[in-house]
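The values are calculated or read from the model by the stated rules, or taken from the named source; none is laboratory data. Source: prediction; values computed, not measured. Don't worry about glycine lacking a Cβ; one is built from the backbone with ideal geometry, like all the others, and counts go over all protein chains shown.
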Amino acid sequence: MSNSILKSTLIILRGNSASGKTTIAKQLQEHFGQGTLLVSQD
């Protein structure tokens, strides 16, 4: 049995409408790759 610890990171982006939140979120997804999730609450 492995004693490995799973590490998770939560990044929250907030700002005014049309401030670039979605653009930054998509760039973060490209950077971190598989295992990322974008949840939009517009």
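Values computed for the structure shown
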read-out	value
Where Glu30 falls short, out of the listed (1) at pLDDT 90 or above; (2) among the acidic types (Asp, Glu); (3) assigned to a loop (DSSP other than H, G, I, E, B)	(3)
Selection from region 28-42 of residues that are without any contact (Cβ under 8 Å) to a residue 12 or more places away in the chain and surrounded by 10 or more Cβ atoms within 10 Å (Cβ to Cβ)	Gln29, Phe32, Thr36
Identity of the residue in region 7-27, of a type in the set (A, V, I, L, M, F, W, C) and not in a loop (DSSP other than H, G, I, E, B), that ends up surrounded by the fewest Cβ atoms within 10 Å (Cβ to Cβ)	Ile24
Hey, Thr9 modelled with pLDDT under 90 and β-branched (Val, Ile, Thr) or not	yes
